[in-house]
Structures are given as C-alpha cells and as structure tokens.
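Asker: So that we are looking at the same thing, I have put the structure below in structure tokens.
The numbers here are math on the coordinates, done by the rules we state, and not lab data. These numbers come from a predicted model, not from an experiment. Cβ: placed from backbone, ideal geometry, glycine included. Neighbour counts: every protein chain shown.
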Amino acid sequence: MDEKRSAISTILLLSAIILVFTASDLIQRDRSFSETENKMLAARPEWSWESLIEGAYTQEYEAYLTEQFVGRDKWITMKTYLDLALQKQEINGVYLGEGGCLIEQHLPGAYTHVQETKKLLLLEKLVKRWDADVMLVPTADNILTDKMPRWAPYYDQAAFLEKAALQIGAEHYIDVYSALRRHSGEEIYYRTDHHWTTLGAWYGYLAWTESLGRRGDLYGKNAMKPVTTEFLGTLQSKVNLDVQADSIYWFPETAERPVTVTYDLKDIRNSCYEESYLKGKNKYGFFLDDNHAFIEIGTDYRNGKTLFVIKDSYANCFVPLLLPYYEKIYVLDLRYFNGRLFRFMESYEPEEGMDVLVLYNCIHFLEDFVYLE
C-alpha cells in the first residue's frame with residue numbers, strides 16, 4: 001500500500017512539474033534574440049500535417065523548446081556548477097583553462113581529411129584566380145597550450161596549416177601561427193571569448209607587413225587604448241560563470257583620418273567603429289559594426305590601391321589597421337553572401353587590379369568557407 005501511495009505521489013509531482021513548465025512556456029513571450037549568447041533564437045515552428053509526417057515539425061519544435069526554455073540562462077548556470085562539482089574540465093564545448101581562461105573546444109575528430117581537402121581546393125582556386133594572400137589564424141587551444149587542461153585533446157591546426165601552405169604556395173601564405181606562438185604569454189586571445197584580441201591582431205598585422213614587404217611601424221603596441229573593461233564574450237555565455245571581464249583595446253590613431261564606411265550598400269557611416277555596442281553584451285561589435293555581408297571603406301589616402309578582404313569576424317579588429325595602405329577596402333563575409341563570388345569581385349576590381357586577402361580563423365575556414373564562382 002505504501003509503495004502504491006509513493007508511486008502515485010511521484011506521478012502527481014512529475015505531472016505538476018510538467019504542467020507548470022508547460023503553462024510557463026505558453027505564457028512566456030518568445031525572445032527573438034539572446035543578448036547573453038549573442039545569437040538569434042529559434043522561433044515557434046508553424047504546424048502542418050506535412051511537416052509532422054516528414055518529421056521536420058518535431059525537430060524544429062525540439063530546437064525551439066531548447067532555446068526558449070523557461071529560465072534557460074539560470075539552468076545553464078546550475079548545470080555549470082554541477083559540472084564543476086564533478087571536476088569536469090570541459091563544459092558545453094568550453095575548456096576551463098588556467099587562470100580563469102575559457103578556451104573553445106575543437107576535437108581532433110571533428111575535421112576530417114576530406115573536409116580539409118575540399119576547403120583547400122576551393123582556397124587554391126581563389127588564390128590562383130586572384131593572386132590572393134591568405135591568413136588562417138589558429139584558435140586559442142593551439143596557441144595557449146600552457147593554459148589548457150592537462151591531457152585535453154584539440155584539433156592540430158599546425159598540421160593543417162602546413163597542408164594549406166603547401167597547397168597554395170609559400171608566396172601566398174602568411175604565417176600567423178609562428179607570430180602568435182612567439183607571444184603566447186601575452187593577452188592575444190580574450191579569456192571569455194573565441195576571438196583574438198587587438199594585440200593578437202596587431203601581431204598578425206606585423207606578420208602581414210613582413211610577408212608583403214610593407215612598412216610595419218605605423219602603430220606601436222603602447223598606442224593601444226581600452227574602450228571597455230567589461231567585455232564578457234560568447235564563451236562566458238556558454239558556461240554562464242561569474243568570471244573576470246576582458247578589456248577591449250583599439251588604436252585611436254586609426255580613427256584620426258576621415259573615412260567613409262558603407263554597410264551592405266546602403267548604411268553610410270564615417271567610422272570603422274560603433275560605440276553603441278559598448279553599452280550592450282556584444283561589445284566586440286564595436287569593430288566594423290559587428291557582422292555584415294559587404295562593407296565598402298573609402299579613405300583619403302589617394303594612392304590608387306584597392307584591397308578586397310574575404311573574411312570571418314577575426315578580421316573585424318584587423319581591417320582598421322590596414323587603412324593607411326589603401327584608398328579603397330572592400331570586405332566580404334561569405335556567411336551572408338549568396339551571389340557568385342568571382343563575378344562580384346570583378347565588378348569592384350579597378351583597371352589597375354587589386355590586392356586580395358583571405359582572413360579566417362582555422363575553424364571558421366573549415367566550417368564556413370564556401371562560395372560559388
């Protein structure tokens with residue numbers, strides 16, 4: 001009899017919990033954007049018999065519930081502290097590194113030889129057509145190895161970069177890996193975010209100038225100034241831990257000369273920086289107004305030189321350093337571009353030709369680099 005009462009009580013308790021969460025789910029207004037995670041959230045899918053039979057509706061609704069779950073941020077925090085109590089080294093795809101450093105996890109088996117080959121063949125075709133220079137930037141797990149948890153596995157980007165250099169030719173390959181390894185003890189990656197810092201980008205800039213025989217003394221490291229000391233990036237959002245915030249730096253002299261910046265062919269500004277982002281969660285959006293499909297930058301350096309950059313968000317804090325070298329800079333993010341790449345580039349190529357730079361971190365290159373000629 002006692003066992004029967006206990007079973008009934010358990011069923012009633014679970015039913016009440018399910019009822020409360022179901023009611024909360026129906027009452028709560030859906031969020032379209034998570035400022036904490038800096039991403040668009042899944043919307044409630046439209047129901048139809050066809051989508052239900054095909055299985056699409058249940059998959060979309062599962063994704064919707066996962067992202068719109070009541071108290072999602074608090075549940076993430078609770079799970080994180082439970083994982084910490086169990087002495088886990090990795091939480092939600094983030095390694096808990098030394099000194100409060102959060103490092104994005106990239107496992108060795110996640111990127112296959114076939115995937116590497118396909119991406120490098122695409123890159124080789126672009127390099128041959130446009131005589132392009134290539135900067136593939138390693139992520140923090142390959143550079144800050146002294147901060148990684150002991151025995152933590154990671155995808156070997158050094159080996160991949162050796163393949164890339166051989167595939168496209170040493171004359172097109174800019175060795176950022178060696179430059180960053182030499183300065184691995186400095187703050188070249190954010191502790192709470194997956195991007196390299198302005199200091200890391202500056203070392204990349206020095207590698208770029210050295211490789212191309214350009215003047216590399218236009219900016220001194222000590223000229224960097226902080227724009228905020230309260231940056232908590234995407235990795236902090238994944239674990240939702242109370243950690244020390246990062247500082248974001250910039251080179252003020254990059255804003256001294258007049259520029260015209262046009263975002264997505266319509267929105268015209270007079271700066272490569274957008275201070276409004278410093279008031280919100282996504283403070284890295286300070287650089288180049290976050291992410292856009294296409295950006296046109298006109299400078300007052302009348303040298304007749306043009307640069308076309310094909311990039312991910314690692315380039316956002318890097319591009320302003322290139323302003324003194326070009327009269328025109330075009331910046332294209334393939335993630336938001338749906339046209340034919342070569343034809344589009346040809347429409348912006350001046351008669352005297354243009355320089356082309358491909359700048360990605362290694363992981364985004366393997367995951368996102370794709371185009372139609």
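Asker: If each residue of separation counts as 0.36 nm, what is the full-extension length gain between Glu349 and Asp131 once their alpha-carbon separation is subtracted?
Answerer: Values: separation 218, 0.36 × 218 = 78.48 nm, distance 1.31 nm.
Taking Glu349 through Asp131 to full extension adds about 77.2 nm, to one decimal.
Asker: Additional query: Just the ratio, please: alpha-carbon radius of gyration of the range 188-233 over 2.2 N^0.38 Å, N its number of residues. The partial results should precede the final answer.
Answerer: Values: Rg = 12.5 Å, N = 46, 2.2 N^0.38 = 9.4 Å.
Normalised Cα radius of gyration, the range 188-233: 1.33.
Asker: Multiply the residue gap between Gln89 and Gln59 by 0.36 nm, knock off their C-alpha separation, and tell me the result in nm, one decimal place.
Answerer: Details: separation 30, 0.36 × 30 = 10.80 nm, distance 3.02 nm.
In short, 7.8 nm is gained.
Asker: What distance in nm lies between label points placed 7 Å from Cα along the C-beta direction at Ala293 and Ala255?
Answerer: 2.9 nm
Asker: A further question on this structure: Compute the FRET efficiency between Arg302 and Lys266 as 1/(1 + (r/R0)^6), taking r as their Cβ-Cβ distance and R0 = 25 Å, and round to the nearest 0.05. Working shown, then result.
Answerer: Working: r = 25 Å, r/R0 = 1.02.
The calculated FRET efficiency here is 0.45.
Asker: Note down the nm distance, to one decimal, between modelled labels 7 Å out along Cα→Cβ at Ser48 and at Val370.
Answerer: Placing both labels 7 Å beyond Cα along the Cβ direction yields 2.4 nm.
Asker: Here's something else I'd like to know. What full-extension length gain, to one decimal in nm, is calculated for Leu107 and Glu210 as 0.36 nm per residue of separation minus the Cα-Cα distance? Intermediate values should be presented prior to the final figure.
Answerer: Details: separation 103, 0.36 × 103 = 37.08 nm, distance 3.23 nm.
Taking Leu107 through Glu210 to full extension adds about 33.9 nm, to one decimal.
Asker: Another question about this same structure. What net charge is computed for the residues neighbouring Tyr284, neighbours being all others with C-beta under 12 Å from the C-beta of Tyr284, Lys and Arg scored +1, Asp and Glu -1?
Answerer: Details: positive: Lys281, Lys283; negative: Asp193, Asp246, Glu274, Asp289, Asp290.
Spelling it out: positives minus negatives among the neighbours equals -3.
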